[in-house]
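J.: Pasting a structure here, questions to come.
The values are calculated or read from the model by the stated rules, or taken from the named source; none is laboratory data. Because the structure is a prediction, the values reported are computed rather than measured. As a convention, Cβ positions derive from the backbone with ideal geometry for all residues, glycine included, and neighbour counts pool all protein chains shown. Side chains are part of the model used for accessible areas, which takes the heavy atoms of the whole protein and leaves out ligands, DNA and RNA. Shrake-Rupley method; radii C 1.70, N 1.55, O 1.52, S 1.80 Å.
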Amino acid sequence: TRSTGEIYTALRPSLALVEADGNGGTAVAMTADGYFITNAHTVSGAESITVQLSDGTEYEAALSGMDESSDLAVLKIEPETALQPADFGDSDGIAAGDTVYMFSHPFGAAFANATMTGGSIAAVQEGVRIGTETLSVFQTDAAPESDCSGGPLVNEAGQVIGICIDHVGTFVSYQTVPEIGFAIPISEAKDILDDLIADGYVSGRVSLGLTVSEIPETYRRFWGLPSGVVIESVTPGSSAYYAGLRAGDVICQLGDEAVTDLNSYRSILNSCSVGDELRLYIYRDGRQYYTDITLTGKGESQTETAAVQTQDEME
């Protein structure tokens, strides 16, 4: 067991402030050669990602991979000298009542030093469905402020036992119970992080082969668009590509469920499995269309002969 001061001193060189197109968050060094763990929602869709180390040095970071279901992402920088990776511990024996500390950057670049918040494990939720996997999740009252998660959750020995996230499925800690935060135990996160480093995606995750974003309410009303998410890009060779989907299409419904926002889109998709056939409804140029798509895993290519079964007026 270390004192709080000793824990802060030990962790500080391993922490970094992340800036991604105006979004801020915290990252923790995973390896000496420049791999950092952070949140997927912080860096998703960002054109530029910067990592500022605790000594003030800034680096442009590349996105090694991210998994939106677990809200985990891995960044890679090319440091001039070896980094000090955090000490990662065993999260399997953690129980409610255990003392923990959380690190974040609630004030962004204005106060570059990380803030340490003490608290305890409020509950260990086992068997939580996140995407296509079932994981354990820590609830803790050492909760980060909104938009500053991604930092490590550490034990009394100063070892990282979890990575803080801001939501589990549709449960958002800041909006539902502000005093409670979430963290994925490091033992549960390890396989995800290893996949993100090796392949850039998590094997077994369902993918349509496209990226989407929410439609601002003012923009939706001005243009008379339906509720849903708008397609930003389509990956060549993917299911969406062969279905004729394209940037600018609004996805209104997946299967029997309406898509109202990004969370509902992810939730519906995450309830599906690789190989499932899904009817997808879109809005394009004032007209409604639908098509059937066979879901693939991320990183898998779709063949044209195994693509769409039914199309209705799709171009």
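J.: So the check is Cβ under 6 Å with 6+ separation or different chains; which pairs have a first residue in segment 62-76 that's within 13 Å of A27 (Cβ to Cβ) and a second one that's open to solvent by 50 Å² or more (accessible area, probe 1.4 Å) and in a strand (DSSP E or B)?
T.: Pairs found: K76/A62.
J.: Quick one: which residue in L75, L11 is buried (at least 19 other Cβ atoms within 10 Å of the Cβ) and not in a strand (DSSP E or B)?
T.: On inspection, the qualifying residue turns out to be L11.
J.: Give segment 249-267 a look and list any residue that's out of contact with any Phe, Trp or Tyr (no Cβ under 8 Å at 6 or more places or on another chain) and either without any contact (Cβ under 8 Å) to a residue 12 or more places away in the chain or over 16 Å from G209 (Cβ atoms) (or both), or say none.
T.: G255, D256, E257, A258, T260, D261, L262, N263, S264, S267
J.: Just checking, does segment 204-223 include any residue being farther than 29 Å from T134 by Cα and either among the aliphatic types (A, V, I, L, M) or surrounded by 20 or more Cβ atoms within 10 Å (Cβ to Cβ) (or both)?
T.: Yes: segment 204-223 contains one or more residues that are farther than 29 Å from T134 by Cα and either among the aliphatic types (A, V, I, L, M) or surrounded by 20 or more Cβ atoms within 10 Å (Cβ to Cβ) (or both).
Residues are listed down the side, and each one gets a yes or a no for (1) touching a residue at least 40 places away in the same chain (Cβ under 8 Å); (2) under 19 Å from L11 (Cα atoms); (3) buried (at least 18 other Cβ atoms within 10 Å of the Cβ); (4) touching a helix residue (DSSP H, G or I) at 6+ places or on another chain (Cβ under 7 Å):
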position: E80; (1), (2), (3), (4): no, no, no, no
position: G93; (1), (2), (3), (4): no, no, no, no
position: T99; (1), (2), (3), (4): yes, yes, no, no
position: F103; (1), (2), (3), (4): yes, yes, yes, yes
position: G118; (1), (2), (3), (4): yes, yes, no, yes
position: A122; (1), (2), (3), (4): yes, no, yes, no
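J.: Take segment 78-104 and flag every residue that is in a loop (DSSP other than H, G, I, E, B) and of a type outside the set (G, A, S).
T.: Matches in segment 78-104: E78, P79, E80, T81, L83, Q84, P85, D87, D90, D92, I94, D98.
J.: Being at pLDDT below 90, touching an Asp or Glu at 6+ places or on another chain (Cβ under 8 Å) and open to solvent by 20 Å² or more (accessible area, probe 1.4 Å) is true for just one of D276, D261. Which residue is that?
T.: Exactly one of D276, D261 is at pLDDT below 90, touching an Asp or Glu at 6+ places or on another chain (Cβ under 8 Å) and open to solvent by 20 Å² or more (accessible area, probe 1.4 Å), namely D261.
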